[in-house]
């Protein structure tokens, strides 16, 4: 008997439907028993599913008939099938084809199955359950059965009954009587908003460093990339970890998109339904190009996609490989990454804030009050040249971080809380949302192009004169001009000023430390 079971596979960020056609036939005694045949471009994980399925069925107490011929087709046949999520639909298909299980035909057509089987019949989690649930709803399915560990992320999708099963026996019981399993219901909005203000780090813990905290506020308000230059132990990483606490809250749409990416990467735990806070990713400087941008033999999102709608923090920036850093140039500009390999092509969003930190010289103490630095100008220049000009051109704010003395640490009052800073940031973002209303793909000042600057960041004659003098005096490059305009526009928004004045330009110029022509001399 031919049985058709509905399943799905993840392709990039979305999912595609996969139909498993299983045909089981008895082989006469005088004929050799043919092998288990599976077609439809299965990878090695899918081909190995036969052993897991047979062991799981045996553990469940089901004895398969002897001398059976199994033919399995995974349709569409021209799409490569990867992963272990076809174990469950294959097991159900074999039982239906053998007529050991005879569910209602309508129930079978309206149900989508995904899950990996253990030898003991247990169901283990799979990647991309949320994307599969979205696809199931879009295609009009009524039921989705997933492993218990995936049920909360999948249940975020409304107008779809999602069931979490722990064993193959529970799924068989559901097909005999759907009342044996209860659909999981997640109050998406309640869980989403409850977790938005619970941050592990707060700027109130940072003593001193008022100029640097101001730079973080401006970066958060305008979505600007930022680089911190300072000696070891001055607080660069500590402050960077607190940036998510002052960023605007994720919208429900942003949260769903972010959760999808983490689901495809297999980085959601069983208790997570939605990611409610902006991601903060901090990969080590030994990271490979593929791990940073995504890809591999079997597709996996990279760190830049996992940081989507959040922060990518690169500590000790010059220590990253030159090739890894250069791969960031196009994603920073386009805010999406397309990866083409011989077996697949995938496009994922990667709209993130880049926060980087570095020492000012190889030893780390150039400009330090202790006078420990003995690096030669050539050594400092060589160290700085590890970061290419085009990458540096995409970083709007460059600021020196000075060490705080022991006396200041002991006597300084508690800093301003993240909640207070966040309120000002949200106000500035609201101004930008209204300003860019109706312009596709433009949400904050950092995303403005030259045509937008001419329209929204015009300078008064006094402000233009201030900027011209500053560029001549500090030896700033021409590429710094647009960056200064964007930052000045954000500073004016924080002041709730419609016009960019001289004071806004003066402050913006202060955040171009690496553009000085006397650096390292």
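Rule-based calculations on the coordinates, nothing more; no lab input. What you are looking at is a predicted structure, and each value in this text was computed from that prediction instead of being measured. Here the Cβ is made from the backbone with ideal geometry for all residues, glycine too, and neighbour counts use every protein chain on show.
Taking only the C-alpha atoms, wrap a convex hull around the chain and report its volume per residue in Å³ as a whole number.
172 Å³
Arranged from highest to lowest average of other beta-carbon atoms within 10 Å per residue, in what order do the peptides 171-181, 483-493 appear? List each step's numbers first, then the result.
Values: 171-181: 16.7, 483-493: 26.8.
By packing density, highest mean first, the sequence is 483-493, 171-181.
How much length is gained if the chain between residue 16 and residue 286 is pulled fully straight, taking 0.36 nm per residue apart and subtracting their Cα-Cα distance, in nm to one decimal?
Values: separation 270, 0.36 × 270 = 97.20 nm, distance 3.46 nm.
Residue separation times 0.36 nm, minus the Cα-Cα distance, leaves 93.7 nm.
Is it possible to state the helix-based mean residue ellipticity at 222 nm for the chain, with each DSSP H run of 4+ residues giving -39500 (n - 2.57), the sum divided by total residues, to the nearest 500 deg cm²/dmol? What is it? Walk me through the intermediate numbers first.
Values: 23 runs with 192 residues, N = 521.
After summing the helix terms and dividing by residue count, I get -10000 deg cm²/dmol.
Dividing the alpha-carbon Rg of the stretch 289-398 by 2.2 N^0.38 Å yields what? List each step's numbers first, then the result.
On the way: Rg = 16.5 Å, N = 110, 2.2 N^0.38 = 13.1 Å.
Here the Cα radius of gyration is 1.26 times the empirical estimate.
Wrap a convex hull around the Cα atoms of the stretch 203-417, take a quarter of its surface area, and give that in square nanometres. Numbers along the way, then the final one.
Details: hull surface 54.0 nm².
Its average projected convex-hull area is 13.5 nm².
To the nearest 10 degrees, how steep is helix 210-222 against the longest Cα principal axis of the chain, on a 0 to 90 scale?
50 degrees
Take the eigenvalues of the Cα gyration tensor for the stretch 322-475, scale each by 5, and report the square roots as semi-axes in whole Å, largest first. Please list the in-between numbers first.
On the way: eigenvalues 204, 139, 85 Å².
So the three semi-axes of the stretch 322-475 are 32, 26, 21 Å.
Give me the percent of Cα-Cα pairs in the stretch 2-186 that sit more than 24 Å apart, rounded to a whole number.
Beyond 24 Å sits 32 percent of the P(r) for the stretch 2-186.
If you fit an axis through the alpha-carbon atoms of helix 480-494 and take the longest principal axis of the Cα set of the chain, what angle between them do you get, 0 to 90°, nearest 10?
Orientation of helix 480-494: about 80 degrees from the principal axis.
Pairwise over distinct Cα atoms, reciprocal of the mean inverse distance: report the Kirkwood radius of the stretch 117-159 in Å, one decimal place.
Computed over the stretch 117-159, the radius equals 10.9 Å.
Counting alpha carbon pairs within less than 8 Å and at least 6 residues apart, what relative contact order, in whole percent, applies to the chain?
The normalised contact order for the chain reaches 13 percent.
Just for the stretch 2-186, what percent of DSSP beta bridges are antiparallel, to the closest 5? Each step should come with its number before you reach the end.
Numbers: 21 of 33 bridges.
Looking only at bridges with both residues in the stretch 2-186, the antiparallel portion is about 65 percent.
For helix 461-474, report the angle its Cα long axis makes with the longest principal axis of the Cα atoms of the chain; keep it between 0 and 90° and round to the nearest 10°.
90 degrees
Between residue 416 and residue 119, what is the spin-label point distance in nm, taking each point 7 Å from the Cα along the Cα→C-beta axis?
With each label placed 7 Å out from Cα toward Cβ, I get 6.2 nm.
What is the packing order of peptides 153-160, 81-88, taking the mean over residues of other C-beta atoms within 10 Å and listing the highest first?
Those peptides, ordered most packed to least, come out 81-88, 153-160.
In the chain, what % of DSSP beta bridges are antiparallel (nearest 5)?
Within the chain, antiparallel bridges account for around 50 percent of the total.
Consider just the alpha-carbon atoms of the stretch 448-521 and return their Rg together with their Dmax, both in angstrom.
Rg and Dmax of the stretch 448-521, Cα atoms, are 12.0, 39 Å.
Throw me the Rg/Rh for the stretch 193-275, computed over C-alpha atoms with Kirkwood Rh, two decimals. Could the numbers behind the result be given before it?
Details: Rg = 15.2 Å, Rh = 14.8 Å.
Reported Rg/Rh (Cα atoms, Kirkwood Rh): 1.03.
Compare the peptides 99-107, 381-389 by average per-residue count of other Cβ atoms within 10 angstrom and give them in order, highest first. Walk me through the numbers on the way to the answer.
Working: 99-107: 12.9, 381-389: 14.7.
Packing proxy ranking, top to bottom: 381-389, 99-107.
Using alpha carbon coordinates only, what is the Rg to Rh ratio of the stretch 239-323, with Rh defined as the Kirkwood radius? Working shown, then result.
Values: Rg = 13.6 Å, Rh = 13.8 Å.
Result: Rg/Rh = 0.98.
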